[in-house]
Amino acid sequence: MSGILADLAQHGFLRNALLGGILTSVVCGVVGSLAVVRKMGYVAGGVAHASLGGIGAALLFGASSLWGASAAAVAGALLLGWMTLRGGENEDTAISALWSVGMAAGVVCLSRVEGYAVDPSTFLFGNILLIPADELLAAGIIDAAALAVAILLYHPFKLCAFDEELARIQGLPVAALHLLLMTLLALVVVALIQVVGLLMVIALLTLPAATARRFSRSLSGMMVRAAAVGSACTAVGLLVAWDRNLPAGATIILLAGGVYFGAVLLQRLRPHRGER
Amino acid sequence: MNAIELKNVSFGYDGTPVLSDVSLEIPQGAFAGLIGPNGGGKSTLLKLVLGLLEPDSGSVELFGKPVSRSRGLAGYVPQFANFRKDFPISALDCVALGGKGSLFILPGERKRRLKEAAELLEAFDLSGIADRQISALSGGQLQRVLIARALMGSPKILLMDEPTANVDSHAEHCLFEILRELNKKLTIVLVSHDVGFISEYVSTVFCLNRRLVAHPTSAAEGELLHELYGDQMRRILHDGGHHHHGEEA
């Protein structure tokens with residue numbers, strides 16, 4: 001324990017990674033709660049995998065992988081959002097298509113990147129400890145912006161998630177709000193890819209929120225608890241991984257999963273203490 | 001002035017006509033019922049009045065103004081199935097979501113809305129369940145919560161979709177008492193396929209089956225119902241124990 005504290009004091013990059021991971025978990029708690037109540041977990045999964053296409057294309061053309069991932073994630077999210085709004089196309093099919101086509105595009109692009117071999121596992125499993133400080137800062141700014149928008153528009157987001165028909169009747173711009181939420185989701189996904197990698201984005205987005213849902217009586221309460229659970233899992237997971245030389249993303253997810261299944265079990269054993 | 005006025009409204013989904021040349025006037029202060037068979041266009045008409053759909057031709061006005069400029073004048077009580085019942089929200093907070101639409105709600109406004117919602121819950125004798133989760137309410141309680149929500153912001157007309165779909169006969173009776181009280185202050189329109197309930201209570205019945213026929217309650221019987229519903233309806237009238245005479249209500 002004292003070893004970890006000494007490392008934290010000594011290594012700036014470890015502090016930055018911890019700070020970045022916690023900030024991302026906070027945003028993730030807020031946007032993830034909206035995603036969980038709207039049952040949009042798999043949308044996030046599709047968007048995450050689509051971003052690999054953007055990462056591959058960016059590296060192929062010498063651009064930053066963060067911007068490539070952001071562009072592909074936002075484009076994929078808006079495409080899904082637009083398809084859902086128009087109806088017609090089966091959302092499940094659209095997500096599957098985005099999921100695998102994005103992945104395929106990424107693999108093909110990465111295989112063509114010249115000069116040095118790119119290890120896709122960096123993006124698949126993430127490693128926040130290896131991310132350069134400037135990218136971490138950019139992700140932090142994206143996080144902060146997404147958080148600000150989500151808090152500012154909390155009321156209409158909540159109403160649309162709970163009762164979209166009422167939102168329409170009240171004359172709220174439901175379609176625009178939906179696309180905006182999809183954009184926020186995409187940005188959070190990009191930030192999460194750095195922390196846990198794109199394969200495990202769904203887990204960190206939904207597990208803390210689903211855990212919080214079990215103990216919350218309001219959406220705002222759920223968001224606060226999800227942010228707390230996510231931050232705790234990320235911080236502890238990161239430090240344990242550092243200390244024991246484990247992969248950080250996977251350690252964080254194992255913790256978040258353990259907390260979630262623990263909460264489910266706890267409520268099963270003491271049903272009347274759980275709030276319904 | 002009319003609360004609702006439709007002039008020669010036609011509407012269809014992908015070329016299949018649902019409403020053909022419907023004209024309708026519901027005067028301010030009325031307690032009206034809109035009945036008709038499933039697929040007869042009731043929900044579509046409701047959506048047109050709420051501004052969720054635009055007519056292919058004709059005009060829809062609420063209190064003399066086009067629907068798009070009269071938001072907030074109509075309170076709407078949906079059937080239960082329309083929202084997420086597993087959403088983490090208390091009865092009080094659910095009521096507070098009603099009223100005028102707004103993108104930003106500042107803390108002062110939020111406080112004012114919660115106060116109005118608490119007063120409405122009290123008026124419906126629901127203060128005891130204000131903190132209860134929506135998912136834990138009974139059918140009758142949930143319906144009264146939704147009526148309270150529709151009354152946020154003091155609308156001038158209350159629209160209810162299938163008010164008897166999810167409540168037992170006792171709750172149904174309570175509901176009518178509430179509505180009769182509310183009707184002293186605002187126009188009420190009930191939309192239902194449940195002819196028995198509607199014609200017992202309301203003062204005017206509109207029968208909709210793509211086209212519209214309007215009648216005072218007493219006439220909404222016999223030949224007309226037969227014309228609208230065919231033999232099936234006559235069987236319900238004979239066997240189902242529904243009565244349509246005012247004095248038995």
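The values are calculated or read from the model by the stated rules, or taken from the named source; none is laboratory data. Just so it is clear, the structure is predicted and the values come from calculations on it, not from any experiment. FYI the Cβ positions are ideal-geometry reconstructions off the backbone, even for glycines, and counts take in every protein chain you see.
Assorted remarks:
- Checking each residue in segment A:218-240 for being away from every other protein chain (no Cβ under 12 Å) and among the polar types (S, T, N, Q) picks out A:Ser231, A:Thr234.
- Restricting A:Arg168, A:Arg213, A:Arg268 to residues that are in contact (Cβ under 8 Å) with a residue 60 or more places away in the chain and not polar (S, T, N, Q) narrows the list to A:Arg213.
- The residue list A:Arg86, A:Arg38 contains one member that is of a type in the set (D, E, K, R) and in contact (Cβ under 8 Å) with a residue 60 or more places away in the chain, which is A:Arg38.
- A:Leu153 meets all of the listed conditions (1) of a type in the set (A, V, I, L, M); (2) touching a helix residue (DSSP H, G or I) at 6+ places or on another chain (Cβ under 6 Å); (3) free of Cβ contacts under 8 Å to residues at least 40 places away in the same chain but one, namely (2).
- Residues satisfying the stated conditions in segment A:106-153, i.e. aliphatic (A, V, I, L, M), assigned to a loop (DSSP other than H, G, I, E, B) and within 23 Å of A:Cys28 (Cβ to Cβ): A:Ile131, A:Leu153
- Scanning segment B:72-104 for residues that are hydrophobic (A, V, I, L, M, F, W, C), buried (at least 16 other Cβ atoms within 10 Å of the Cβ) and at the interface with chain A (Cβ under 7 Å from one of its Cβ atoms) turns up B:Phe83, B:Phe87, B:Ile89, B:Leu97.
- Of residues in segment B:131-144 being within 12 Å of chain A (Cβ to nearest Cβ) and out of contact with any strand residue (DSSP E or B) (no Cβ under 7 Å at 6 or more places or on another chain), the one surrounded by the most Cβ atoms within 10 Å (Cβ to Cβ): B:Ile134
- Of the helices (runs of 4 or more DSSP H) entirely within segment A:163-276, those holding at least 1 residues that are surrounded by 16 or more Cβ atoms within 10 Å (Cβ to Cβ), in contact with a strand residue (DSSP E or B) (Cβ under 8 Å, 6 or more places away or on another chain) and modelled with pLDDT under 95 occupy A:164-169.
- Residue match in segment B:131-147 (condition: hydrophobic (A, V, I, L, M, F, W, C), touching a Leu at 6+ places or on another chain (Cβ under 8 Å) and in contact (Cβ under 8 Å) with a residue 60 or more places away in the chain): yes
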